[in-house]
Structure formats: C-alpha cells, structure tokens
Amino acid sequence: MSVEIPEITKKLLAAKQAKGISFADLEKAVGRDEVWIATVIYRQASASEDEASKILHALNLSQDLVPELTACPAKGLGPVVPTDPLIYRFYEIMQVYGMPIKEVIHEKFGDGIMSAIDFTLEVEKEEDPKGDRVKVIMNGKFLPYKKW
C-alpha cells in the first residue's frame, strides 16, 4: 500500500517543478523554514492566509487555493509501514535506535516525551570526501508526564 498524495500537493509540486525553484527558494519567499513549507505542501501542516498566499504567489498559482492550505490537515502516513526507501530508513532508525534514544532522553530529562508540536526539523547537507552526509536535526520541547 502506498501513501496517497493529495491533489493539491500534486498541483503545488508540479508548479514548483515548472518554475524550477527549490524549497530553499520558497523559504526566502515565504519567510519560513523550507522543511515547514514542504510540510504545508504535503498537507501535514496548515499555513496562515498570508503564508498560503506567499506560497501560491511564488508558484504562480491561483489564490483560490488559500483555503486548502489554511485548512487543518489529517496528519500522518497512515497505519502501514512506509515502503519508500528513504522514508523507510527513518522507520528503520526508530526500530533500531528508538529504545536507546528513549532511555537517553529519560536519563537526561526524566519521564516524558519530546513534543512533535513545539518542534523544528532541519535538513542539512554535510560535504564529506567519502560521500556527502545527510544531517537531520530534530529539536522538540521536552514535556514531562504530569503527576496528579
């Protein structure tokens, strides 16, 4: 089973490709991080009217699409294990390193979780003579479990 790509996402990505612009270019036009903009385009986050307008303007698309980009989306990939190789590797990383990461976080912070709401994510390219590296930086607020 594959992930269903929303029609608006297909339209936005086609416009992005036709204009030959990157998510980094959209970051400059919108004033938001490139990963966040990609999240809006993939309908995993909602934009303000101003942000949606800037995205659509940068892509030469109709402002009639603003309501679709400002609507609260249904989030997540669904209940299946992802099959896309790059996305699956993140799933695999959590299978292998999830419990160790959890233990280290608990050791440093106590019993709680890392927020995926008060959260940022950056993707950087790190040049290396043995092969370029992908650097993913996740930064989430620690939320301790409440006692009552």
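What follows is calculated from the coordinates using simple rules that are stated; it is not laboratory data. Because the structure is a prediction, the values reported are computed rather than measured. Here Cβ is always computed from backbone atoms with ideal geometry, including for glycine, and neighbour counts include all displayed protein chains.
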Under a Cβ-Cβ cut-off of 12 Å, what is the net charge of the residues other than Leu12 that fall near it, where Lys and Arg count +1 and Asp and Glu count -1?
-> +3
Can you give the translational diffusion coefficient of the chain in µm²/s, computed by Stokes-Einstein from the Kirkwood radius over Cα pairs at 37 °C and 0.692 mPa s?
-> 185 µm²/s
Nearest-ten-degree value, helix 85-109 long axis tilted from longest Cα axis of the chain = 50 degrees
Cα-based shape type of segment 79-148, given that a ≥ b ≥ c are square roots of the gyration tensor eigenvalues and the cut on a/c is 1.5 = prolate
Could you work out how far helix 49-58 tilts from the main Cα principal axis of the chain, as a 0 to 90 degree angle to the nearest 10?
-> 60 degrees
In this structure, among Lys75/Lys135; Lys102/Lys147; Lys75/Lys141; Lys10/Lys130; Lys54/Lys75; Lys19/Lys102, pairs with alpha-carbon gaps over 31 Å are Lys10/Lys130; Lys19/Lys102
Applying the gyration tensor rule to the Cα atoms of segment 7-70 (axes a ≥ b ≥ c; rounded if a/c under 1.5, else prolate if a/b exceeds b/c, else oblate), the class is rounded
So the angle from the long Cα axis of helix 7-19 to the longest Cα principal axis of the chain, reported in degrees to the nearest 10, equals 70 degrees
